[in-house]
Each structure stands twice: as structure tokens, then as C-alpha cells.
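K.L.:
I have a structure I would like to understand better, so I am pasting it below and will then ask my questions one at a time.
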Amino acid sequence: MFEVQGRASYRERIALPPQAVFTVRIEDVSLADAPAKLMAELSRPLGRSQAALDFKLTVPKTQVDPRHRYALRATIHVDGQLRFTSTQHYPVLNDAPAQPLELQLQAVARSSVGQEPARQASDKAGLSLPQSFAGVLPCADCAGIAHTLTLLPDGVYRMRQSYLGKPGLPLLQQGRWSVSQAGSNQSYFHLKLLNEQQSNYFLIQAQTAQTAELSLRQLDRQGQPFNSGANLLLRPLAALDLMESN
């Protein structure tokens with residue numbers, strides 16, 4: 001096993017609530033045009049620990065490709081909102097520096113600029129933020145892709161994708177989300193997920209006499225509906241999934 005250990009800290013003298021969640025993960029960052037692959041993760045509430053957060057992660061040597069690049073990333077979330085994050089590149093495993101490592105987290109600006117229109121649109125569409133959805137969507141070369149999607153009030157989304165029947169850990173994706181009216185019909189809204197590589201679209205299907213819950217229906221890459229015999233729906237989860245642990 002490879003072992004990676006160190007300590008994360010932040011300079012700001014801010015007292016965070018005990019339920020704030022500290023997460024550190026090792027990711028495969030070799031591919032610039034694909035989501036980082038999760039290799040290992042540790043997630044826990046801060047509790048009484050505030051400014052100095054120790055961690056230790058292990059990765060089986062058989063899962064490490066000597067041709068790939070791996071890095072550490074750490075975050076602190078409070079009530080589902082990102083408050084601190086690492087901004088530097090911390091190489092590990094193949095490019096392992098001396099240990100223990102010292103990670104410096106930076107505060108994330110909490111701005112409400114531009115959030116009010118998004119909040120109004122999401123309210124009209126029936127979303128109750130923060131909110132998580134899950135379902136298994138079609139896959140071209142596997143049994144299906146299990147999706148878990150969480151929409152946060154600050155316009156950030158996080159999505160976990162697991163390719164059923166294929167080896168490897170889930171892929172994690174993060175980006176910005178927005179809601180817009182779908183054409184002239186005021187009862188239909190599109191959800192757009194945007195990251196550095198691609199955009200994904202879903203139709204927000206509100207509760208009706210025929211449907212007992214709000215759901216998200218997968219659309220194509222142009223935001224248009226398509227026919228499929230497979231499931232295309234992500235349904236709401238009873239509990240919020242922050243995707244800080246698996």
C-alpha cells in the first residue's frame with residue numbers, strides 16, 4: 001500500500017461549526033479532458049478540531065499507474081456549501097514529495113451576486129435546495145451508469161458516476177448549474193450542468209396528478225428529448241448526498 005499523510009490548515013481565524021465536513025482525497029489528474037478519478041478519500045466532521053486537520057490515506061500499489069499523475073485535494077463544507085478549498089497542486093504517489101504534507105486551504109468567497117435570479121427560477125421549477133437525485137442512466141458499452149447528482153444553493157453541482165459492470169472507482173464531477181424556462185411553456189424548465197469539459201441537460205418534471213414526485217429526465221447534448229427504452233430519470237433522494245464519502 002502507498003500511504004499519504006499530512007495536515008491541512010487555513011489562515012483565517014474563523015470558528016466553524018462542529019458539523020462542518022473536512023474532506024481530503026487523492027485523485028488521478030492525468031487526463032485534462034475527463035473528470036478526475038477518485039483513488040482514495042477521507043471525510044469527517046471537524047468536531048473540535050478547527051485550524052489543524054490531520055489525515056492519512058492509503059492506496060493499493062496495484063491501482064497506481066506509473067505513467068499517471070496523482071494529486072491531493074481538500075475541502076471544507078458547511079451545510080452543503082463550500083467554504084474552504086485547496087488551490088495549489090499537491091502531487092502524490094508517483095511524484096511523492098517528502099511527508100508529512102502541509103496543505104493550505106483558501107477561503108471561498110460567499111457572494112450572492114447573480115444567485116437571486118437562479119434561486120427564483122429553481123423555486124418556480126419546484127426544486128428544494130440543496131437537493132440530491134439518483135438513478136441509473138443508459139450506457140453505450142456497459143450495463144448502465146449510476147448517477148448521483150447534488151444541486152447546491154450557491155449554483156454548484158456535484159455528480160458521482162459509476163459504470164456498472166466495469167472495474168474502477170466512481171468518477172466525480174463538479175461544475176455550475178442553471179435553470180431556464182423550456183420554450184414558451186411556463187410549466188417546463190431545463191436544468192443545465194456545465195463544467196470545463198461539457199454540458200449536460202435535464203428536463204425538470206414537476207409533481208402532477210400522474211407523478212408523485214419531482215424528477216429529472218435526461219436530455220441529449222443539445223438539450224432536446226430523445227426516445228429510449230431504458231430509464232432516463234433521476235429521482236430525488238430522501239437524504240442529501242454531499243459526495244464527500246463513498
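K.L.:
Check the stretch 129-150 and report whether any residue there is in contact with a Ser or Thr (Cβ under 9 Å, 6 or more places away or on another chain) and at pLDDT below 85.
P.N.:
There is at least one residue in the stretch 129-150 that is in contact with a Ser or Thr (Cβ under 9 Å, 6 or more places away or on another chain) and at pLDDT below 85.
K.L.:
Hey, can you tell me all the residues within the stretch 46-62 that are at pLDDT 85 or above and crowded, with 16+ Cβ neighbours inside 10 Å?
P.N.:
Residues satisfying the conditions are L53, F55, L57, V59.
K.L.:
Looking at V92, V108, which one is modelled with pLDDT under 80, among the hydrophobic types (A, V, I, L, M, F, W, C) and closer than 25 Å to A71 by Cβ?
P.N.:
V108
K.L.:
Criterion first (part of a loop (DSSP other than H, G, I, E, B), modelled with pLDDT of 80 or more, on the phi < 0 side of the Ramachandran plot and not aromatic (F, W, Y)) does R221 satisfy it?
P.N.:
Here the answer is yes, as R221 does meet what is asked.
K.L.:
Among what's in the stretch 70-89 and is modelled with pLDDT of 85 or more and hydroxyl-bearing (S, T, Y), pick the residue that is surrounded by the most Cβ atoms within 10 Å (Cβ to Cβ).
P.N.:
Looking at the filtered set, the residue picked out is Y70.
K.L.:
Counting only residues that are open to solvent by less than 40 Å² (accessible area, probe 1.4 Å), under 12 Å from R83 (Cβ atoms) and not hydroxyl-bearing (S, T, Y), how many does the stretch 4-16 have? Break it down into steps so the answer makes sense when it comes.
P.N.:
Within the stretch 4-16, the first condition is being open to solvent by less than 40 Å² (accessible area, probe 1.4 Å), and the residues that meet it are 4, 6, 8-10, 16.
From what is left, the residues that are under 12 Å from R83 (Cβ atoms) are 10, 16.
Remaining after also requiring not hydroxyl-bearing (S, T, Y): 16.
Residues meeting the conditions: 1.
K.L.:
Residues of the stretch 147-183 being among the hydrophobic types (A, V, I, L, M, F, W, C), part of a strand (DSSP E or B) and open to solvent by 30 Å² or more (accessible area, probe 1.4 Å), which ones?
P.N.:
L171
K.L.:
Ok, one more. Would the stretch 24-32 turn up any residue that is at pLDDT 85 or above, buried (at least 16 other Cβ atoms within 10 Å of the Cβ) and of a type in the set (A, V, I, L, M, F, W, C)?
P.N.:
Among the residues of the stretch 24-32, at least one is at pLDDT 85 or above, buried (at least 16 other Cβ atoms within 10 Å of the Cβ) and of a type in the set (A, V, I, L, M, F, W, C), which makes the answer yes.
The values are calculated or read from the model by the stated rules, or taken from the named source; none is laboratory data. These figures come from a predicted structure and were not determined experimentally. Here the Cβ is made from the backbone with ideal geometry for all residues, glycine too, and neighbour counts use every protein chain on show. Surface accessibility is based on the protein's heavy atoms, side chains included, excluding ligands, DNA and RNA. Shrake-Rupley method; radii C 1.70, N 1.55, O 1.52, S 1.80 Å.
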